[in-house]
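**Q** I have a structure here, written as structure tokens, and I will follow up with some questions on it.
The values are calculated or read from the model by the stated rules, or taken from the named source; none is laboratory data. On a predicted model such as this, the values are computed, not experimentally measured, just so you know. When we count neighbours, we look across all protein chains shown, and the Cβ atoms used for this are built from the backbone with ideal geometry, even at glycine. Heads up: the accessible areas ignore ligands, DNA and RNA and are worked out on the full protein's heavy atoms, side chains in. Shrake-Rupley method; radii C 1.70, N 1.55, O 1.52, S 1.80 Å.
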There are 2 protein chains.
Amino acid sequence: MELLKLSNQLCFPLYALSRKITSHYLPILEKIGLTYPQYLVMMVLWEESGLSVKELGHRLMLDSGTLSPLLKKLEDREILVRTRLKEDERVVIISLTGTGEKLREKASEIPEQIKCCLDLSDKELRDLRTLAAGLLDKINKLEAVHNN
Amino acid sequence: MELLKLSNQLCFPLYALSRKITSHYLPILEKIGLTYPQYLVMMVLWEESGLSVKELGHRLMLDSGTLSPLLKKLEDREILVRTRLKEDERVVIISLTGTGEKLREKASEIPEQIKCCLDLSDKELRDLRTLAAGLLDKINKLEAVHNN
DNA sequence: TGCAATTAAATTGTATACAATTTAATTTTA
DNA sequence: TAAAATTAAATTGTATACAATTTAATTGCA
């Protein structure tokens, strides 16, 4: 097998598919005024508000270089607030405002809309999610070992 | 199932996994002085030099907004050249220079190194590639229909 | 033919990603 | 306990992505 062929790479289909799926979110997310990474941040915060930037970054696998400006934009729009933790002033806590909480209702239709517009079967979605989540997990564990 | 939970999304594991895998390429690609998207461009050109920007964009699913500055950087480093097509001056043809061709030899070890550092089994790699490539194909066909 | 529509790249503007550095606060330790 | 090490965010700098616009060339059609 010609290893340097694009079609034989794992990385390319994954990279292209990820971007493609993201692009399907755009017109839908536009209606509630969020970008795709902003939507991911909001999903985490809808599950649990009041997380630190570090914890948010851990769950999304994003660093403060990406999150800081993104969170600032959401704060400007009064979707969330940033508060320094009293006990440790280094830590910034991200909490949803009423506006941010309310956005959840508007977002509740999104997963269904995406599934529909991608026209993938339940099985395809599930298989890919399981496989991707599994590998992600494995890579993360590998990195954890490597860092200790 | 709580549809708005991050763990139940397809999009997130795919997005995170794609970035994670890309990040594993970085230290390896650094040695030959390429970024990840630049490496993808080079893989296409090593297979077939002399493509138009449009065709390159089609194969990589990237538009000229992304490719133009990227190609300019590679041209500055004399890895490729851009030539206007005589028969149609709108078209820019991208051709590898000797330097660009030679880079292939340096890159030939990369797929093996990646496979090794990701520590994924052949089966995992193959399954994910097949599934991702399949879905990508399906989505592309869907879009093709939609645009006609 | 001549001008409107189309097309291919490039450019512009906005929003990530992420490495590396900086800043400020907290811990550790000599 | 005071300086050194560590930590959490923010900032800086570089490189994508991609929508939208612009520019220049080519086609199509009235």
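**Q** Taking the axis that carries chain B onto chain A, what is the nearest Cβ in chain B, and at how many Å, to the whole number?
**A** B:18, 2
**Q** To the nearest 10 square angstrom, how much accessible area does residue B:58 have with a 1.4 angstrom probe?
**A** For residue B:58, solvent-accessible area is about 130 Å².
**Q** Then there's this: Along Cα-to-Cβ, 7 Å out, sits the label point; list in nm, shortest first, how far the one on residue A:145 is from those in the other copies.
**A** 4.4
**Q** Kindly flag which residue pairs out of A:54/B:115; A:31/B:5; B:73/B:141 have an alpha-carbon separation exceeding 25 Å in this structure. List each step's numbers first, then the result.
**A** Values: A:54/B:115 30 Å; A:31/B:5 20 Å; B:73/B:141 32 Å.
A:54/B:115; B:73/B:141, as the Cα separations exceed 25 Å there.
**Q** Which whole-number percentage describes the relative contact order of chain B, with Cα contacts under 8 Å and a sequence gap of 6 or more? Each step should come with its number before you reach the end.
**A** Details: 100 pairs, mean separation 28.4, N = 148.
Relative CO of chain B lands at 19 percent.
**Q** Roughly speaking, to the nearest percent, how much of segment A:1-122's 1.4 Å accessible area is carbon and sulfur?
**A** Here it works out to 51 percent.
**Q** Charges only on Cβ, +1 for Lys and Arg, -1 for Asp and Glu: so what's the dipole of chain B about the Cα centre, in debye to the nearest 20?
**A** 220 debye
**Q** If I take every Cα pair under 8 Å that is 6 or more residues apart in segment A:32-106, average their sequence separation and divide by the length, what percent do I get for the relative contact order? Can you show the working numbers first?
**A** Values: 79 pairs, mean separation 24.7, N = 75.
Computed value for segment A:32-106: 33 percent relative contact order.
**Q** Give me the net charge for the shell around residue B:4: Cβ to Cβ below 9 angstrom, other residues only, Lys and Arg +1, Asp and Glu -1. Mind showing how you got there, number by number?
**A** Numbers: positive: A:104, B:5; negative: A:47, B:2.
Residues close to residue B:4 contribute a combined charge of 0.
**Q** Still on this structure, please answer the following. If you take the Cα Rg of the protein assembly as shown and divide it by 2.2 N^0.38 Å, with N the number of residues, what do you get?
**A** Working: Rg = 21.1 Å, N = 296, 2.2 N^0.38 = 19.1 Å.
Normalised Rg, Cα atoms only: 1.10.
**Q** Which distances in nm, rounded to one decimal and ordered from shortest, link the label point of residue B:69 to the equivalent label points in the other identical copies, with labels set 7 Å from Cα toward Cβ?
**A** Here residue B:69 shows inter-copy label distances of 1.1 nm.
**Q** State the percent of C-alpha pairs, over all pairs in segment A:32-106, separated by a distance greater than 21 angstrom. Kindly include the intermediate steps, with their values, before the conclusion.
**A** Working: 455 of 2775 pairs.
Tail fraction, whole percent: 16.
**Q** Let me ask something else. So what is the calculated 222 nm ellipticity per residue for chain B, using -39500 (n - 2.57) for each DSSP H run with n of 4 or more, over all residues, to the nearest 500 deg cm²/dmol?
**A** Details: 7 runs with 97 residues, N = 148.
That comes out to -21000 deg cm²/dmol.
**Q** At residue B:50, label 7 Å along Cα→Cβ: distances to the other copies, nm, ascending?
**A** 6.7
**Q** Also, I was wondering about something else. For chain B, compute Rh as the Kirkwood radius over C-alpha pairs and then the Stokes-Einstein diffusion coefficient at 20 °C and 1.002 mPa s; write the answer in µm²/s, rounded to an integer. The partial results should precede the final answer.
**A** Numbers: Rh = 17.6 Å.
Translational D for this selection: 122 µm²/s.
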